[in-house]
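Let me begin by presenting the structure, written as structure tokens, before commenting on it.
What follows is calculated from the coordinates using simple rules that are stated; it is not laboratory data. Fair warning: this is a prediction, and the values are worked out from it, not measured in the lab.
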Amino acid sequence: MAWEMVAIWVIVVATLVWFVRDEKRRRADARIAEAARYYAHAPSYRHRAVEPPAAVPLPPRRTGGLDSVQRNYLRSMLRAED
């Protein structure tokens, strides 16, 4: 008989703990939903388009030929074969 009373009280306590935790979670979910609505519709948090930075022009490219380093390297290779 005593174990039956203990079992009943365990069930009662577990039910109360479950209820309290569920209510706390429900209130927290409501606060999060309210904050989400605020941030979604508040004018200070609306999306603003950001202008891309101005493009920096690249230096002019050479359109062909070898530069002096490449030319010197090829000359040294030709001299090494002789």
Inset, instruction - Divide by every residue of the chain the summed helix terms, -39500 (n - 2.57) for each DSSP H run of at least 4, and state the resulting mean residue ellipticity at 222 nm, rounded to the nearest 500 deg cm²/dmol. - result: -23500 deg cm²/dmol
Inset, instruction - Note the full-extension length gain between Met5 and Arg37 as 0.36 nm times their separation in residues minus their Cα-Cα distance, in nm to one decimal. - result: 6.7 nm
Legend entry - the chain pair-distance distribution - Cα-Cα, 5 Å bins, rounded %: 3, 9, 6, 6, 6, 5, 5, 5, 5, 5, 4, 5, 5, 5, 5, 5, 4, 4, 3, 3, 1, 0, 0
